[in-house]
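Notes to accompany the following structure.
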Amino acid sequence: MAKITKEKFKTYKGVFDEFTLRNLFKLSTQGYFDDTETLSPVFIGKESNVFSAKRGKDKVIVKIYRLENCDFNRMFDYIRYDPRYIGLQRQRRKVIFSWVQREYRNLLKAREAEVKVPTPYAFLNNVLVEEFIGKKEPAPKLKDKIPKNMKKFFDNTVAQLKKLYKANLIHADLSHFNILNFQEKPVIIDLSTCTTLDSPRAEEYMERDIRNLCAFFARYGLKEDKEKTIKKITSHQKV
Ligand SMILES: Nc1ncnc2c1ncn2[C@@H]1O[C@H](COP(=O)(O)OP(=O)(O)OP(=O)(O)O)[C@@H](O)[C@H]1O
Ligand SMILES: [Mg+2]
């Protein structure tokens, strides 16, 4: 193990710090993915680097939050309003690790409520492992693959948000960047900002999420009313 680790350290030197590497090795040793060598980059986000990795014949997503070069103050400004994280201190590592844990918890809760989100498999400090959405390639973002039937896709997205709301959650960063179009069906991703309904910001987040959603579909000629959509999500009526 020590020898392999050393070689891998060379391979990944400069890409990951040693702490992150150790987390990756641990997760792969525990069987969440085959080998750190199978990591292949998918996307570089504001706060994280997203990779795919092999697990047998399957693939998983490994989302690695950067310990440096990440705006943990922005993260803190979100998570501090989440009642589940009251008392969290504004300290880089504490904020990042809580952020990852929260994303895992949100995904799990959403999954239990049958919202179409990637199934979370594991998290360790700054690393999250979750279901790979896609066939060979990762599914495209909604912004890059316009649905054939906009109305159907919109209604399906609203149905997912309603289930999320019933599970006591609000996405808080919803847009055409955080919805994948997988075989003409929405999969909601990036639940790191997702907070519980008792957050003092819940209403503001909901307004913003649905405003973004309606504005995107309006560009393609689908006129949906923001207020009515919010009502649909928050009321008991079926969509
Ligand atoms: N489970 C998944 N399956 C397939 N692709 C994924 C998955 N998770 C993330 N991706 C891809 O990686 C990109 C970034 O993921 P995500 O939005 O979770 O990260 P982020 O760091 O929050 O990015 P951003 O800076 O855009 O907010 C997504 O837009 C998507 O293209
Ligand atoms: Mg994102």
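The values are calculated or read from the model by the stated rules, or taken from the named source; none is laboratory data. Keep in mind it's a predicted model, so treat the numbers as computed, not measured. A quick note on method: Cβ atoms are made from the backbone with ideal geometry, for glycine too, and the neighbour counts reach across all protein chains shown. What goes into the accessible areas is simple: the full protein's heavy atoms, side chains included, and nothing from ligands, DNA or RNA. Shrake-Rupley method; radii C 1.70, N 1.55, O 1.52, S 1.80 Å.
Can you tell me the FRET efficiency between ASP17 and LYS57 if r is taken as the Cβ-Cβ distance and R0 is 35 Å, rounded to the nearest 0.05?
0.65
Taking only protein heavy atoms into account and a 1.4 Å probe, give the accessible area per residue of segment 122-239 in Å².
Per-residue accessible area for segment 122-239 comes out at 50 Å².
Compare ILE44, ILE79, ILE133 in a GNM of the chain, Cα atoms joined below 10 Å, and give the one with the largest fluctuation.
Result: ILE44 has the largest fluctuation of those listed.
Just the ratio, please: alpha-carbon radius of gyration of the chain over 2.2 N^0.38 Å, N its number of residues.
In units of the 2.2 N^0.38 Å rule of thumb, it is 1.05.
Can you pick out the pairs among LYS109/LYS166; LYS163/LYS231; LYS63/LYS141; LYS136/LYS185; LYS109/LYS141; LYS63/LYS152 whose Cα atoms lie more than 20 Å from each other?
LYS109/LYS141; LYS63/LYS152
Could you compute how much accessible surface THR196 exposes when probed at 1.4 Å, giving the result in Å² to the nearest 10?
For THR196, the solvent-accessible surface is approximately 10 Å².
Quote the relative contact order of the chain in percent (integer), defining contacts as alpha-carbon pairs under 8 Å separated by 6+ residues.
16
Set the Förster radius R0 to 25 Å, insert the Cβ-Cβ distance between ILE44 and ILE146 as r into 1/(1 + (r/R0)^6), and round the FRET efficiency to 0.05.
Plugging the Cβ-Cβ distance into 1/(1 + (r/R0)^6) gives 0.55.
Given R₀ = 25 Å, what would the calculated FRET efficiency be for ASP198 paired with GLU114, taking r from the Cβ atoms and rounding to 0.05?
It comes out at approximately 0.65.
Would you mind estimating how fast segment 99-239 diffuses translationally, via Stokes-Einstein at 4 °C and 1.567 mPa s with the Kirkwood radius over Cα pairs, in µm²/s?
85
How far is helix 2-12 tilted off the main Cα axis of the chain, in degrees rounded to 10, range 0 to 90?
Helix 2-12 and the main axis of the chain meet at about 50 degrees.
Using a 1.4 angstrom probe and counting only protein chains, how large is the accessible area of ASP71 in Å², to 10?
Taking all protein chains as shown, ASP71 has close to 70 Å².
How do the peptides 204-210, 54-60 rank, highest first, by the average count of neighbouring beta carbon atoms within 10 Å per residue?
Per-residue mean Cβ counts within 10 Å order the peptides as 204-210, 54-60.
As I understand it, the value is the acute angle between the Cα axis of helix 150-166 and the longest principal axis of the Cα atoms of the chain; what does it come to in degrees, rounded to 10?
Taking Cα atoms only, the helix is inclined about 70 degrees.
Where nothing but the Cβ of Lys and Arg (+1) and of Asp and Glu (-1) is charged, how large is the charge dipole of segment 13-63 around its Cα centre, in debye to the nearest 20?
Dipole magnitude for segment 13-63 comes out near 140 debye.
Given H placed on each backbone N at 1.01 Å, which residues far from PHE182 in sequence or on other chains put an amide H within less than 5 Å of it?
VAL187
For the chain, modelled as a Gaussian network with Cα springs under 10 Å, which listed residue fluctuates most, LYS162, LYS135, LYS143?
Answer for the Gaussian network model of the chain: LYS135.
May I ask you to give the percent of accessible area on the chain that is carbon plus sulfur, with a probe radius of 1.4 Å?
Answer for the chain: carbon and sulfur cover 51 percent of the accessible area.
Give me the distance in nm between label points sitting 7 Å out from Cα along the Cα-to-Cβ direction at HIS236 and ARG90, one decimal.
About 4.3 nm separates the two model spin labels.
Order the peptides 103-109, 136-142 from the highest to the lowest mean number of other Cβ atoms within 10 Å of their residues.
103-109, 136-142
What list of whole percents do you get for P(r) of segment 170-237, with Cα-Cα distances grouped in 5 Å bins up to the one holding the largest distance?
Pairs per bin, as whole percents: 3, 17, 22, 28, 21, 8, 2, 0.
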